[in-house]
Each structure stands twice: as C-alpha cells, then as structure tokens.
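The values are calculated or read from the model by the stated rules, or taken from the named source; none is laboratory data. Predicted model only: the values in this text are computed from it and were never measured. The protein model used for the area step is the full one, side chains on, heavy atoms only, and it has no ligands, DNA or RNA in it. Shrake-Rupley method; radii C 1.70, N 1.55, O 1.52, S 1.80 Å.
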Amino acid sequence: MSLGVAGLVLCAAVLHATWNALLRTQADRLWLVTVMSFVSTAIGLPFVIAMPLPPAAAWPYLTVSAAVQVVYTLFLLLCYRVADLGSVYPVIRGSVPLLVSLGAALFAGERPGLPSLLGIGLVSFGITAMVLGRQSGGAKALMLALATGAIIATYAVLDGVGVRLTGNSISYAAWIFVVYGVLVPVVYVAARGRLVVRGRGPEVRVAALAGAGQLATYAMVVWAYRLSPLGPVSALRETSVVFATLIGWRFLGRS
C-alpha cells in the first residue's frame, strides 16, 4: 500500500468516525439516515450522469452491496439503541479486518503474507480489546455488534471485487449511493407508513453534513480497494474507532 493510499484511508477513518458520532447524537436516527441518503444521492447524481455506466459484470456486486448497506444501517441503528457508542463501535469495527481478509481470500483470490496477517490480527484484537470489561448492553449488544461487523465485511468484499471490475472508483461509489438512496426511503416508509423529511434547521444541517461525509468516506475507501489488498485497507480504515473514541470523549461527554 502506497503512502498516498494510506493517507487517504486515514482521512476516511476520521470522516467515518465523525458522521457516526453525528448519528449517535440524534434522537430519530432513521430520519437522519434517510435525509443523509438524499444528500449523498444528490451529490452522486452529477457523477452518475457524467460518467460511463459500470460494466455489466460489476452490477451484481454494486446492487447487492447497496442492499447490504441498507441492512448494515438498520443493524447500526439497532446497536445504538441497545448500547453506548463506545461499547459497540469497537466490537463492530474490530471484527471487520479479519472477516474482510477471509472474504478477500475466498472471493478475490488475495493471499496476504504472514506479516500482513499478523498486523491485521493485531489491529482487530487491539480495537476489540478497547471495550473488554466495560461492555454495556450485555450479550444482545455483543451479538448485534458482531453481526454488524459481518455485514460490513460482506459489502466491503463485494465493493472490492465490484470496483475492480468497474475500473472507476468514482463512478462505482456514485452508483452505489444512487441505488442506496432509492432503497433507504423505501425502508423508512415500511417502518413509518409514510415519508416525512421535515426537520428543524440544526437537524437538517447535521444530516446534510453527515450525508456528505458518508459519501466522501465511501469514495475514498472504494478508491483504495481498487488499488490495494482489501485486508490491509480495512485494517487501516478501522482506526476510525480511535477517532470515534476521541470524539465521544471530547464532544459527547463519554469516557
């Protein structure tokens, strides 16, 4: 992995932690996620119009990834309902690098060497160990967090294969969010009966910032997936948990 790719993935980690913290501060998180999807889709649409369509071989990966990300969003909201951000987030993110490495070996033909495997394992263990002895929410929260990590790993591997087939990370990321932006309001209507996007000014601004941050984070990571092995990129991206911990301590009053 080049220094440029590593630096961009670290930027993505900071952005990811920030928009997750914004999500955690809102009372109606499903509403927030829905408005975020509108914002990210609106940003992605010009790129979709201006760039060539992904090849036919990439579409199964793209569409399934978008659907899995909707499932991820629902699981993340459920995790935040039953436990504190600082308790579930490290478990979610800590499980991902090992699962991504396994998926990359099975479906992308990647075989990292022993040093890479040791590094990925240490990152996963180190992140997860942040909550040892202070897990809130009990066994239910732990199982939900692990399931959420598995869902993240699933769409990460799909994206790694899909973006390489596409050959253009911007086009791939833009189309993901267009499809995602169609699916999320459907989920909202199924849960609430009708689509209501009204909100106070500060809430809308938070949603807009989070939506833009979500798209930027995703585009950076997908670009890195196209150029580098999935396992190491995933491990570096999961430093977001460190930034999330700092954000929670500094701005959300969480120890």
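Shown for segment 30-124: the carbon plus sulfur share of the solvent-accessible area, taken with all protein chains present and a 1.4 angstrom probe, equals 79%. Gyration tensor over the Cα atoms of segment 39-105: the corresponding equivalent ellipsoid has semi-axes (square roots of 5 times the eigenvalues, largest first) of 29, 18, 10 Å. Residue-normalised convex hull volume from the C-alpha trace of segment 138-185: 75 Å³ per residue.
Taking N as the residue count of segment 159-220, its C-alpha radius of gyration divided by 2.2 N^0.38 Å amounts to 1.37. For segment 1-131, the alpha-carbon coordinates run over 43, 41, 27 Å along the three principal axes, in decreasing order. Semi-axes of the equivalent ellipsoid for the chain, computed as √(5λ) from the eigenvalues of its C-alpha gyration tensor and ordered from largest down, come to 25, 25, 16 Å.
Rolling a 1.4 angstrom probe over the protein heavy atoms with all chains in place gives the chain an accessible area of 44 Å² per residue.
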